[in-house]
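**Student:** The structure is given below, and queries will be raised subsequently.
The values are calculated or read from the model by the stated rules, or taken from the named source; none is laboratory data. These figures come from a predicted structure and were not determined experimentally. Neighbour counts run over all protein chains shown; Cβ positions are idealised from the backbone, glycine included. What goes into the accessible areas is simple: the full protein's heavy atoms, side chains included, and nothing from ligands, DNA or RNA. Shrake-Rupley method; radii C 1.70, N 1.55, O 1.52, S 1.80 Å.
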Amino acid sequence: MVEGYLEVGVPLVEGKPFFHQLDLNGAVRHARYSADGRVYTFARGVSTSAPSSSSFDATTWKLGANWAPVDDIRFRLTRSRDIRAPSMIDLYNGSQFSSATITFGGNTIPLFQLTRGNPNLTPEKADALTAGVVLKPGFLPGFQASIDYYKIDVNNAIAGLLAQQQVNLYAAGDQTFCALQSLSNGALTVITPPFNLNPQRVKGWDIEAQYRTNLGSGQLALRGFVNINSADYIRPAVGSVINQRGAATNPRWRGIFQINYNSDSFGVFLQERIIGKSLIDANLVEGIGIPENDIPAVAYTDVTLTTKVMERFEAFLTISNLFDKDPPPSPKPTTTFSIPYSGAYDTIGQAFTSGFASRCRNPAGEHLCPQSGNFPGCGFLIPGIECRSYCGRACLWFIQS
């Protein structure tokens, strides 16, 4: 990839009545992409491959404005043209096989699914609009909140469809999927590569608030973030609109809430991750097109405890998914184990991470440990513990197991 860009910021007004600050900003970028790989096909029991390459040019831009009538409130607006080039996996991913069941011709039959890349993909283009307001009231020091609205219209969106969606679109008359499915011996084989889909629209709201204050001998920080998905759909060339809002991969809302307290001797970090109630298939009605369509809301709790050890060291313990919350199961496909329908859910369960951190510089500014191996510069060795990483300010050690 070869690219060049230009970015500019222009302050227009500052320190005037109703114009505490007003500025414009813009950017433009031009890029040339090229990719080479091999295309693998499988037919009549024989696997073949052939070289393939693709290249394209793309120009993106952004225009934005910020207006703060007073110091306590700021409005922001951004309009942009963006692209996403297909990745090497999108283009040349090898075939992956899975089996399940599918509804075909009103009957439930076995499904053999092949997921692979598509070398004919072109970049997706998006026109994005964001508008929001930031509040930082002077009467409440340490508090800040923001509300942002976004609308994104994507053309040639790169995405894959479920095998059932491809079958439904073909039944509705979309010939794109004709060569990607075949029926043999009562079983349906469906190839599911990524496509440049028809226009996709995404709309929603991002709401964030945070507050910092001194408490006792330390500092308390509170933060909350909520995303509200108000629209997410694809409009195919034929057939009905494919609604994705409310599906497991795009819940109607999700949020993160954090409490963080740090003092000179210890620290506590508590986080709650919430994924709202979802649907297995946002285009079907429970009891009509699918026997059970609800995926319940899920909340995960994470906690990190830190404490000072001697003068230089800090020990930490992190527990992810503190209460070992199971992911919500999906009732389909019925021929596989019950698994979470979306990667958004925690599939590992309760997990522990512990280690030590230390300052890497002495008062003279000299590094105290290397990037890897043991750390003789720290003055002593600890059996079973190794200096694993180094970030310029702290060395991290993890207990070997």
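**Student:** Quick one: K136 ticks every box in (1) surrounded by 14 or more Cβ atoms within 10 Å (Cβ to Cβ); (2) farther than 30 Å from R74 by Cβ except a single one, so which number is it?
**Tutor:** Here K136 clears every test but (2).
**Student:** A follow-up question, please. Given (1) open to solvent by less than 20 Å² (accessible area, probe 1.4 Å); (2) out of contact with any Gly (no Cβ under 9 Å at 6 or more places or on another chain); (3) hydroxyl-bearing (S, T, Y), where does S240 come up short, assuming only one miss?
**Tutor:** Every condition holds for S240 apart from (1).
**Student:** What residue, among those in region 243-255 that are surrounded by fewer than 18 Cβ atoms within 10 Å (Cβ to Cβ) and in a strand (DSSP E or B), is farthest from the chain's Cα centre (by Cα)?
**Tutor:** N243
**Student:** Taking the conditions exactly as written (open to solvent by less than 50 Å² (accessible area, probe 1.4 Å), at pLDDT 85 or above and over 25 Å from D127 (Cβ atoms)), does Q258 satisfy them or not?
**Tutor:** Yes: the conditions hold for Q258.
**Student:** How many residues does region 170-195 contain that are in contact (Cβ under 8 Å) with a residue 24 or more places away in the chain, in contact with a helix residue (DSSP H, G or I) (Cβ under 6 Å, 6 or more places away or on another chain) and either more than 30 Å from K62 (Cα to Cα) or open to solvent by 50 Å² or more (accessible area, probe 1.4 Å) (or both)?
**Tutor:** Residues meeting the conditions: 3.
**Student:** Can you name the number of the only condition in (1) open to solvent by less than 30 Å² (accessible area, probe 1.4 Å); (2) farther than 24 Å from G349 by Cα; (3) in contact with a Gly (Cβ under 8 Å, 6 or more places away or on another chain) that N321 fails?
**Tutor:** Only one criterion in (1) open to solvent by less than 30 Å² (accessible area, probe 1.4 Å); (2) farther than 24 Å from G349 by Cα; (3) in contact with a Gly (Cβ under 8 Å, 6 or more places away or on another chain) is unmet by N321, namely (2).
**Student:** Residue check, D281 against (1) open to solvent by 60 Å² or more (accessible area, probe 1.4 Å); (2) of a type in the set (D, E, K, R); (3) assigned to a loop (DSSP other than H, G, I, E, B), all met but one. Which one?
**Tutor:** (1)
**Student:** Also, quick follow-up: Which of the following residues is outside any strand (DSSP E or B) and either more than 20 Å from S278 (Cα to Cα) or β-branched (V, I, T) (or both): T189, T176, T213?
**Tutor:** After ruling out the rest, the residue left standing is T176.
**Student:** Hey, does region 71-78 have a residue that's among the aliphatic types (A, V, I, L, M), surrounded by fewer than 17 Cβ atoms within 10 Å (Cβ to Cβ) and in contact with a Gly (Cβ under 8 Å, 6 or more places away or on another chain)?
**Tutor:** Within region 71-78, one or more residues are among the aliphatic types (A, V, I, L, M), surrounded by fewer than 17 Cβ atoms within 10 Å (Cβ to Cβ) and in contact with a Gly (Cβ under 8 Å, 6 or more places away or on another chain).
**Student:** Now a separate question. Among the residues of region 46-61, is there at least one that is open to solvent by 70 Å² or more (accessible area, probe 1.4 Å) and at pLDDT 90 or above?
**Tutor:** Yes, because at least one residue in region 46-61 is open to solvent by 70 Å² or more (accessible area, probe 1.4 Å) and at pLDDT 90 or above.
**Student:** Can you tell me which of E314, E286 is exposed (fewer than 15 other Cβ atoms within 10 Å of the Cβ), touching a strand residue (DSSP E or B) at 6+ places or on another chain (Cβ under 8 Å) and not β-branched (V, I, T)?
**Tutor:** Values: E314 fails: exposed (fewer than 15 other Cβ atoms within 10 Å of the Cβ).
Testing whether each residue is exposed (fewer than 15 other Cβ atoms within 10 Å of the Cβ), touching a strand residue (DSSP E or B) at 6+ places or on another chain (Cβ under 8 Å) and not β-branched (V, I, T) leaves just E286.
**Student:** Of all residues being more than 30 Å from the chain's Cα centre (by Cα) and either at pLDDT 95 or above or under 25 Å from M88 (Cα atoms) (or both) in region 23-45, which is least open to solvent (accessible area, probe 1.4 Å)? Just the residue, please. Steps first, please.
**Tutor:** To start, the set of residues in region 23-45 that are more than 30 Å from the chain's Cα centre (by Cα) comprises 23, 41-45.
Next cut, either at pLDDT 95 or above or under 25 Å from M88 (Cα atoms) (or both) only: 23, 41-43.
Numbers: D23: 27, T41: 62, F42: 131, A43: 60 Å².
Looking at residues that are more than 30 Å from the chain's Cα centre (by Cα) and either at pLDDT 95 or above or under 25 Å from M88 (Cα atoms) (or both), I get D23.
**Student:** Which residue is surrounded by the most Cβ atoms within 10 Å (Cβ to Cβ), if the candidates are limited to region 79-114 and must be under 21 Å from the mean Cα position of the chain (by Cα) and not aliphatic (A, V, I, L, M)?
**Tutor:** Just the residues of region 79-114 that are under 21 Å from the mean Cα position of the chain (by Cα), to begin with: 80-91, 93.
Applying the additional criterion that residues be not aliphatic (A, V, I, L, M) yields 80-82, 84, 86-87, 90, 93.
On the way: S80: 17, R81: 16, D82: 17, R84: 15, P86: 24, S87: 14, D90: 19, N93: 17.
The residue in question is P86.
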